[in-house]
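The values are calculated or read from the model by the stated rules, or taken from the named source; none is laboratory data. What you see is a predicted model, and the numbers here were worked out from it, not measured in a lab. A quick note on method: Cβ atoms are made from the backbone with ideal geometry, for glycine too, and the neighbour counts reach across all protein chains shown. Surface accessibility is based on the protein's heavy atoms, side chains included, excluding ligands, DNA and RNA. Shrake-Rupley method; radii C 1.70, N 1.55, O 1.52, S 1.80 Å.
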Amino acid sequence: MEIQILHCLAGARQARGLAVVIDVFRAFSLECYLASRGAREIRPVATLEEAFAFRAKDPQAVLVGERHGAKCEGFDFGNSPSSIPESAVRGRRVIHTTSAGTQGITAAAHGAEEVLTGSLLNAAAIARYIRAKDPTLVSLVAMGTEAVRPNAEDELCAAYIQSLLLGAPLPDLDARLADLRYHGGEHFFNPNTQHIYPEPDFWLCAKADQFDFILRATYDAEGMVMQRIEA
């Protein structure tokens, strides 16, 4: 098994084989929580226009997303796991768009044979799934900030998944997770940006192996939809 680590939107476009598109703060951590809170389906889209088109077809669809961190105008919720109660999504369709993660997963789908979302929350499950599939090539795509600048949290997640695949656990994982508060997650502790980046989001996203499932991109007549697979 060959493992390559790619970066940002350019890397997502280069992804081949089995791709894991990683967005820790917050897109694909949020999708884990949405799945665990009983969303009927999760549909990542790249554009606001696509999201509103789903709302036009299904007025009960929940629109979730951000641009530059802030909730998109006309959406129900921002990209914040601490701000979305289970009652708002259970049994409902969620349409999700972000500046990095959902851009990356739609881009990676053009060249990769299979695409998973990646977060610290389900990193071990992702590694188990990949080992069972035993693909020739794995592309770990660390999406970075706004899909243009590498960031500490996505690089850490990529390194952690790689270490699990290689059978060499990442040294000092707990210490590196804690360090994200000061290198990567500082904005969650800024009093002036709590309306965009609430502190509880950091604690929900910056922990490893909370969920034993993966989220795999599949397609139906309406487009991309995430399939939950226990791993």
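I want the local charge near A158. Using Cβ-Cβ distances under 13 Å, sum +1 for each Lys or Arg and -1 for each Asp or Glu among the other residues.
Details: positive: R176; negative: D23, E153, D154, E155.
Taking every other residue near A158 into account, the sum is -3.
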Antiparallel versus total DSSP beta bridges in the chain: what percent is that, nearest 5? 35
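When only C-alpha pairs under 8 Å and at least 6 residues apart count, what is the relative contact order of the chain, in percent? It would help to have the intermediate numbers written out before the result.
Values: 502 pairs, mean separation 71.3, N = 231.
Relative CO of the chain lands at 31 percent.
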Treating cross-link reach as a plain straight distance, find the lysines whose alpha-carbon is under 22 Å from the alpha-carbon of K57, omitting any fewer than eight places away in the same chain. K71
Work the Kirkwood hydrodynamic radius out for the stretch 1-84: mean of 1/r over every pair of different alpha-carbon atoms, inverted, in Å. 14.5
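Heavy-atom accessible area per residue, the chain, 1.4 Å probe: how many Å²? Present the calculation step by step, with values, prior to reporting the outcome.
On the way: 9690 Å² over 231 residues.
For the chain, the per-residue accessible area is 42 Å².
Once a ≥ b ≥ c are taken as the square roots of the eigenvalues of the Cα gyration tensor of the stretch 73-231, is the result rounded (a/c under 1.5), prolate (a/b larger than b/c) or oblate (a/b not larger than b/c)?
Details: a/c = 1.62, a/b = 1.09, b/c = 1.49.
Oblate shape, in that a/c is at least 1.5 and b/c is the bigger or equal ratio.
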Determine, from the Cβ-Cβ distance of K57 and S87 and an R0 of 22 Å, the FRET efficiency 1/(1 + (r/R0)^6), rounded to the nearest 0.05. 0.45
Quick one: pull the percent of accessible area on the chain belonging to carbon and sulfur, 1.4 Å probe, ligands and nucleic acids left out. 51
Per-pair calculated FRET efficiency, R0 = 35 Å: E73 and N192 via Cβ, rounded to 0.05: 0.95
Helix-only estimate, please: 222 nm mean residue ellipticity of the chain, summing -39500 (n - 2.57) across DSSP H runs of length 4 or more and dividing by its residues, to the nearest 500. -9500 deg cm²/dmol
Translational diffusion coefficient, Stokes-Einstein: compute it for the stretch 79-122 using the Kirkwood radius over C-alpha pairs as Rh, at 25 °C and 0.890 mPa s, and state it as an integer in µm² s⁻¹. 194
